[in-house]
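S.K.: Have a look at this one before I ask anything.
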Amino acid sequence: MFGLFKKKSEVDKLQEKYKKVMEEAYKLQSINRTDSDSKYKEADDILNQIDTLKEKE
């Protein structure tokens, strides 16, 4: 209840974005392999940003 109005941290926002991009990449895997690979690369970049932010904390 108390976390209802809590603002999301930058790491939380990036984790949600990572999850969304990974789902898109998985769906594209059977349709278009090159688009899927680019989405996996984008997800990897987001994961690196998350790691960098966690190291700063």
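S.K.: What are the pairs with Cβ atoms under 7 angstrom where one residue, in region 32-57, is in contact (Cβ under 8 Å) with a residue 24 or more places away in the chain and the other, located anywhere, is polar (S, T, N, Q) and outside any helix (DSSP H, G or I)? Sequence gap at least six, or different chains.
M.R.: Pairs found: none.
S.K.: Check whether at least one residue in region 37-56 is among the small types (Gly, Ala, Ser) and part of a loop (DSSP other than H, G, I, E, B), and report yes or no.
M.R.: So far as region 37-56 goes, no, none of its residues is among the small types (Gly, Ala, Ser) and part of a loop (DSSP other than H, G, I, E, B).
S.K.: Quick one: count up the residues across region 22-31 that are out of contact with any Ser or Thr (no Cβ under 9 Å at 6 or more places or on another chain), surrounded by 12 or more Cβ atoms within 10 Å (Cβ to Cβ) and either assigned to a loop (DSSP other than H, G, I, E, B) or aliphatic (A, V, I, L, M) (or both).
M.R.: Within region 22-31, residues that are out of contact with any Ser or Thr (no Cβ under 9 Å at 6 or more places or on another chain), surrounded by 12 or more Cβ atoms within 10 Å (Cβ to Cβ) and either assigned to a loop (DSSP other than H, G, I, E, B) or aliphatic (A, V, I, L, M) (or both) number 1.
S.K.: Looking for something polar (S, T, N, Q), more than 13 Å from the chain's Cα centre (by Cα) and at negative phi - is there at least one such residue anywhere in region 46-56?
M.R.: Taking every residue of region 46-56 in turn, at least one turns out to be polar (S, T, N, Q), more than 13 Å from the chain's Cα centre (by Cα) and at negative phi.
Here, each number is a calculation from the coordinates, and none is a lab measurement. Please read these numbers as outputs of a predicted model, since none were measured by experiment. Virtual Cβ from ideal backbone geometry, glycine too; neighbours counted across all protein chains shown.
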